[in-house]
Structures are given as C-alpha cells and as structure tokens.
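The values are calculated or read from the model by the stated rules, or taken from the named source; none is laboratory data. Not measured: the values here are computed from a predicted model. FYI the Cβ positions are ideal-geometry reconstructions off the backbone, even for glycines, and counts take in every protein chain you see.
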Amino acid sequence: MNLKDPNSMNNILGIVLRSGVVLSGAIIAIGTALFVASHSLDDTSTYLAYNPSLVPHGNFPVSLASIATGLGSLDPFSVIALGFLVLLATPVARVALSLFLFAAEKDRMYVYLTAAVLAILLFSMLATPLIPLFNG
C-alpha cells in the first residue's frame, strides 16, 4: 500500500473510524441485551424514566476500576460504559494512527501538527481530571 497516495491513507483512517463505531455499537448492544435479560419489563421502565429528584439515576460505574470490576461480573451498565469508552477512544486512535502515517510519509509539518493535537487530546482526557479548577 502506497502511503503517499492520499486515498490509501484516507481508507486506512476510515476503516479505523468505522471499526471503532461498529465495535462500540456492538458492545453497547450487548450491554443493553444483558440489561433487558436481567431485569423484568416493569423494573426496566423505572430505569428508563427520567426522575430529576433521583440523581444519580442508578448505580453506574464512573471509574475505570469500577468498569473493570463490573465487566468481570457482566454488569450491563459496565458493558455499556465500555462501549462508550471505545466510542470516545476511536477519534483519539485515529489521530494517533495519523501521526504514525504522517511519520511514515516523512511529512514533518503534519507530524508536528498531529502530535500537538494528540497531546492536547491526551492532556484533556488524562490531566484535567487531576486539576482542581476543572472539577468544579
């Protein structure tokens, strides 16, 4: 595959994006099926009804550790959270792959720009939760 051809690079990046979205959708569908299988229809309606006096609306995993623990027990909410994490990671993976593809093309300007974008993305995801100003 010739990386100098813009169409081949676009094809690779398109495959990554499509695969991430499809994988995410499949994981969320599995989590939804697990939820429906483990709850009666009466119980399901209470989960789906919006009640502003009940915040949070359930016992949902919010950390990577709680998601991992829930995945071990096939908790439907943890499986769905994993699907959303895959969906959020998909564009980040695309930017990281772009960085390597531009490096393989020896296109310095785009390597620097893509590295800056990747650094900003990673900083916003990993560092901002540790900064008190952003935890409101």
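Summary table
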quantity	calculated
Neighbours by Cβ (under 7 Å, 6+ apart or cross-chain): first from the stretch 104-119, within 16 Å of Ala93 (Cβ to Cβ); second of a type in the set (Val, Ile, Thr) and outside any loop (DSSP other than H, G, I, E, B)	Thr114/Val95; Val117/Val95; Leu118/Val95
Subset of the stretch 64-80 (residues that are surrounded by 12 or more Cβ atoms within 10 Å (Cβ to Cβ) and either without any contact (Cβ under 8 Å) to a residue 40 or more places away in the chain or part of a loop (DSSP other than H, G, I, E, B) (or both))	Ser66, Ile67, Ala68, Thr69, Gly70, Leu71, Leu74, Asp75
Filtered residues of the stretch 1-59 (kept if of a type in the set (Gly, Ala, Ser), closer than 17 Å to Leu74 by Cβ and at pLDDT 65 or above)	Ala26, Ala29, Gly31, Ala33, Ala37, Ser38
Looking only at the stretch 101-136, and only at residues there that are assigned to a loop (DSSP other than H, G, I, E, B) and small (Gly, Ala, Ser), the one that is modelled with the highest pLDDT	Ala127
Near pairs, Cβ below 9 angstrom, 6+ apart or cross-chain, from the stretch 10-24 (over 13 Å from Ala89 (Cα atoms)) to any residue that is among the charged types (D, E, K, R) and surrounded by 15 or more Cβ atoms within 10 Å (Cβ to Cβ)	Leu13/Arg94
